[in-house]
Structures are given as C-alpha cells and as structure tokens.
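What follows is a single structure, written as structure tokens, with notes after it.
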Protein chains: 2
Amino acid sequence: MSVKDRFGHIPAVMVGDKFDSYVEMHAIGLHNRVQGGISGVARQGAESIVISGGYEDDQDFGNEIIYTGQGGRNEAGKHISDQQLKRGNQALVVSEIEGLPLRVIRGADRNNKFAPETGYRYDGLFRVESHWWETGKSGFKVWRFRLLELDGGAVENVNSGGPTEPTPAGNNTMPARVSSTVQRIVRDTTLARYLKYYYDHKCQVCGTRLESAGGPYIEAAHVRALGRPHDGPDDWGNIICLCPNHHVMFDLGIFSIADDFSLIGIDGKLNVKNGHIIGLEHLAYHREHFLNPLNKTLPES
Amino acid sequence: MSVKDRFGHIPAVMVGDKFDSYVEMHAIGLHNRVQGGISGVARQGAESIVISGGYEDDQDFGNEIIYTGQGGRNEAGKHISDQQLKRGNQALVVSEIEGLPLRVIRGADRNNKFAPETGYRYDGLFRVESHWWETGKSGFKVWRFRLLELDGGAVENVNSGGPTEPTPAGNNTMPARVSSTVQRIVRDTTLARYLKYYYDHKCQVCGTRLESAGGPYIEAAHVRALGRPHDGPDDWGNIICLCPNHHVMFDLGIFSIADDFSLIGIDGKLNVKNGHIIGLEHLAYHREHFLNPLNKTLPES
DNA sequence: ACCATCGCCGTG
DNA sequence: CACGGCGATGGT
C-alpha cells in the first residue's frame, strides 16, 4: 500500500481548527467532499463526516454522537424510500469493522451546544462503535451509527443514563459499567489493514471469513506483542490474520506455530501466502513465552 | 449468585487510603491474606495483589505493572523449581479471561518511585491484560502478568518505548499506536460471570468452549445493547453466552434470533437452558434493528 | 488435614 | 540491616 493513507489526522490541521466552507475543507484534504456529510469509499471505509444539523435524528453528546446515514431523501430532504447500506453508509460500517479512525467536523447548528457558532470546526478522531437501522416516522428505514471519541479516555466516560459514577471507591463492588460486556477497541494500522486484504479476510488457521452486510470481518494479530516488555515490531513479519476465536486462542497460548507453520496445541497448519514473510524469531518468541507449558495444571471442569 | 462479590472496590476504602500492615488490610477485607501477594481462588479469579518489592523482576510504570507469579521458591526466597500455573497464578489467568477487576496495593519499596514511603496504599483497580512465562536467571520458569490500570483512561496512554505521542494532529495519519491490534476490554458484571458458569463456558450457538491452561474462555453478549440509544437492561434476560466469532456475528447483524430461538441468517438454534428466561422483546429489538436487512448490498469480493 | 505464602518481630 | 524462626489464615 504505497497509496498515502486517507485516514486519521491531516498534517497541519489541529483539533479545533475552524473553516468557513466545504470547499476550504476540501482543498486542504480534511473532507473530501464538496457536498455530502460522509466522505469515504464504500468498501474501503469512511475517513470523515460533517455533522451540521441536516438530520433531525442526529444526537450529539460531545464525546458520543448518534449519526444518521445518507440517502432515501428527495431534493426537498423528505424521506421517500429506505436508506441502502451502500456508499457512505457502507463505508461507515467498514470503518467500524476495520477499526478505522473517523475525522469528525461539526458545522454551525443552533440546536447543538457542541457545534461552533459559525462555519465548521475540526473536532478530532472518533471510532464507529456500532450501527443499526430504524424505521423513522416516515415509515422508511434509516441507518444509524454510534460514534465514540478517540484519545483522552473520553470513551471511558460514556455511560448509559445518568452521570458517570465517581471514580473513588465507596459504594459498589464493580467498576462503572460501559456500554457493552465486551468492547473490541480496534486500532488498525495501515499494515494490518493491508494484511487483511492480502488474505481476503480469511483466517490463516481455519479459513473462516465472517460476512456482514457491510463487508467481511477479520482480525490482525501480532505474533510478538507490541509494548513492554515484549516490544514486538509493528511490521509485516509480525502480524497474522485470524478469526476472533483463533485470535483469542493464540493470545492465550492454546496454540502456537512451528517454524514450518504447523500448529502446536491444535491440529492444522498456518496458511501463509508467498509474499508474506513471517519472522521466525517472532514465532519462536511466542512458543517460548505464550504456548501453554506441559506442566500446566488443567482445571477440573 | 447470592454470594457477595469479592471483586472490585471495597466499601469505605478509597483509592489512596493507607494501611500499616497486612493484618489491617485483611481485617477490612481489602486483601484476604495475612501473608502472600496474591489473594484469590485458582479457578474463580484473583481479587487483589500486593506489590512490595519482594520480587526483583517486577516492573512498575504507574498505570502499567509487570507482576511476577508465586511459587517455586524456598523459604529463603530462592528459586529452586518452576512456578506452576495454579493457586494465585491460575487465579490471575482466570481474572484475565473473565475480565475481572483486580485491586492493586503498593507496599513501601525504596526502589519503586510509585510505592508509598511507608506501609501500604490502595491504588485502585487494574485489569490483567496478558500473561506469559519466562525462564529466569536461575534457569527456572516464572509466570508474569501485565496489569493495566482501569478508569481515567490511563490505559490509553500506555505505549511502548518513548513518551506518548502528543494528542494534537500535525504529523502522522494514524492515531497513536497502542499495545495490541485488538484490545479486548472486558468489564464483567457478576451477572455475566454467572451466565458463563451456567452454560459451562460453551457458546449457545455452536457449543464451542475454548480451553486454555488457566481455564475456559467465553464471552457474555448483550442482546439489546446497553447505553444510548438502545438502553438495554443489564439483567439476566438480556445476556447470552457466545464464542468470540458468534459474538462478532451477532453484533454485526449477520444473524439474529427468532422467538422460538431458531437462528435467522445462519442455520441452527440457540441452546437455551431451563432457568434462563430471555426477554423476547430484546430478541425482537435485535431483529428489528441489527439483523441485516434483505435490501443489503453485499460486497463483491 | 495439609500446605503454601511478596509478613513480622526478634536477635546478631 | 540481614537473617532466621515463628505464625495465622484460607485455599486445596
């Protein structure tokens, strides 16, 4: 992927920067549309949106936004048909599935206390947490997206209902609940994204490819984990493509991989394509530190 | 589960509270050991640890701790055998798998700048992010655990190597990298934990049970999502037990569930045990809002 | 009933 | 301050 990445921050544009018009944002590369709220490519993901009060159903909570998809309206802005899961809507689903960062730009809107008074303002990166559809008052279907702000831990404070439970201990025994029992926070690199396409979004262990309406889902896994103390590199030779089940199994050491790519712990062999050179030293590291040792004590039940 | 929960904050104990001795922490229920760094039950999870410099291999970075397991040492504290994955060590693995919060207490240690000068201090809740084993200088095996602080978004700032990349945009196109391509942040409720045991850690769709050395892995999924705008309840009738693959598929609307528990979108039927009363209104909500509609546009490849 | 434990308080 | 013995508690 020598193509430069459309996703994430734009050089020289700071969070909070203001703009007068769409064309200005288009010229600088912040929002690649002269008209239209969603900028993106259907099967590759969305890179930016503008929220400017065009849809009454939108809800803005600052670090959390409920955003409405595009389409299904006539020139007068009236809903006359179901919104389809294509173009910008599908792009947002792909962004959710691939974990891509989404630039959010707020336009002036008197009814939104988070909007600027005039013009447009770049408000930083969000992620698409989920999508669903609703049948509006018009009787037609609309797509909706829940966006959560990245960075600064704002995501942690997005709770259902009332104000966030205070951090200090005192009353209850569990930490404040978040919106889901399991949160998959995917922060994708360009590299990981390319790997997924390279393997056609199929698990290198079992070939599974999870097909959603928005596109296929698969996960990129580091062989030698990034960060302390493993300090694995974030490069081509250190990532493999796994379905969620095998990703969990790999991280928990239920199986590992031999130098000839046969699997240890479970039957099978890792499917490795020609151009994908996996670092054998990383495989060795995983075997030496993560594979369940023979002296393990198995739980009784 | 009428048993009171050992996990999470302790009533009346605030983060930062100080104590003079183990017996004091034991009396108040903060750390259920008179001697011993890890408090927990092997197959049920660990609820608290004390880090006080007893192990030289421990590394403390404030919101990130590399903690060493127990065992394999003689009375003089010398390593004389491999550490086994049982007792406290297995309890920490279960806490990782189940996503349980871990109370962290720091004891005085001149070599640790995050430790209190004297006595012990309750430093709040962490999660067990991963575990692995190393062969120490003694030639014997030790278990290690990576702990990340919960709350306040401190976790977001834990990067490998140098200082955290500044939040404002400017140079690169991707958000700051975190330690893993996929982060599973599991915040478990007592309810969800009980459900997992109720179904013997088996997926209600495919019966899969992922067996790690520390114990089985499964995920609890909300049928109607918590939080805005769905506002599903966090109760027994709104959670089901799914393997990671089917959890992703359910959240993405690849399949849904009919009132007779037959699956829509894929073949099969949800296995529902007698005592588990699932709210049919929640199933209906999922079908009405998340199941991929028929007018979906499938990706070409 | 046994056993293991990142403590604790004496001595030197 | 290092070392050794004492010691209770809860998991196994």
Report summary line: Farthest towards the positive end of the dipole of region A:4-149, among A:GLY54, A:GLN83, A:TYR22 and with Cβ unit charges of +1 on Lys and Arg and -1 on Asp and Glu, lies the Cα of A:GLN83
Query - Pseudo-label separations to other copies for A:ILE264 - Cα-to-Cβ vector, 7 Å, nm - result: 4.7
Report task. Just grab the label-to-label distance for A:ASP5 and B:LYS269, each label 7 Å out from Cα along the Cβ direction, in nm (one decimal). Result -> 4.8
Report summary line: Quarter of the surface of the C-alpha convex hull for region A:55-155, i.e. direction-averaged projected area in nm², equals 6.8
Report summary line: For B:VAL23, inter-copy label-point distances (7 Å, Cα→Cβ), nm, shortest first, read 8.2
Query raised in the report: What total accessible surface area, summed over both chains, is buried at the interface between chains A and B, computed with a 1.4 Å probe and given in Å² to the nearest 100?
Result: 9100
Query - Other-copy label distances relative to A:ALA108, 7 angstrom Cα-Cβ extension, nm - result: 6.4
Query - Sparsely packed GluC sites (Glu not before Pro) within region B:5-83, loop by DSSP, other Cβ within 10 Å at most 14 - result: B:GLU56, B:GLU75
Report task. Go through B:ASP109, A:ASP267, B:ASP260, B:ASP123 and list them by solvent-accessible area, largest first, probe radius 1.4 Å. Result -> A:ASP267, B:ASP260, B:ASP109, B:ASP123
Query raised in the report: Which stretch or stretches of region B:92-133 have amide N atoms under 17 Å from the point lying 7 Å from B:SER21's Cα along the Cα→Cβ direction?
Result: B:107-108, B:118-121
**Report entry** Probe 1.4 Å, accessible area per residue of region A:1-143, Å²
**Finding:** 46
**Report entry** Per-residue SASA entry for A:TYR22, accessible area with 1.4 Å probe, Å² rounded to 10
**Finding:** 40
Query raised in the report: Points 7 angstrom from Cα along the Cβ direction at B:TYR197 and A:ASP200: gap in nanometres?
Result: 4.5
Query raised in the report: Given a 1.4 Å probe and the protein chains all in place, what does the accessible area of B:LYS78 round to, in Å² to the nearest 10?
Result: 140
Query raised in the report: Taking only C-alpha pairs under 8 Å that are 6+ residues apart, what is the relative contact order of region B:4-149 in percent?
Result: 28
**Report entry** Test item: A:125-131 mean partner chain Cβ contacts at 10 Å
**Finding:** 3
Report summary line: Expressed as a whole-number percentage, the relative contact order of region B:190-295 with C-alpha contacts under 8 angstrom and at least six residues apart is 26
Report task. Pull up the cross-link candidates among the lysines for A:LYS269, meaning alpha carbon to alpha carbon under 16 Å and not fewer than 8 places away within one chain. Result -> A:LYS202
Requested in this report: First compute the accessible area of region A:188-280 with a 1.4 Å probe, then give the percent of it belonging to carbon and sulfur atoms.
Outcome: 52
Query raised in the report: Hey, what do the phi angles of region A:22-36 turn into as Karplus ³J(HN,Hα) couplings, whole Hz, using 6.51/-1.76/1.60 and θ = phi - 60°, x for Gly and Pro?
Result: 4, 4, 5, 5, 5, 4, 8, x, 6, 9, 8, 9, 8, 8, x
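The values are calculated or read from the model by the stated rules, or taken from the named source; none is laboratory data. Quantities reported herein were computed from a predicted structural model and do not represent experimental measurements. Positions of Cβ are generated from backbone atoms using ideal geometry, with glycine treated the same way; all protein chains shown enter the neighbour counts. For the accessible areas, the whole protein counts, side chains as well, though only heavy atoms, and no ligand, DNA or RNA atoms are used. Shrake-Rupley method; radii C 1.70, N 1.55, O 1.52, S 1.80 Å.
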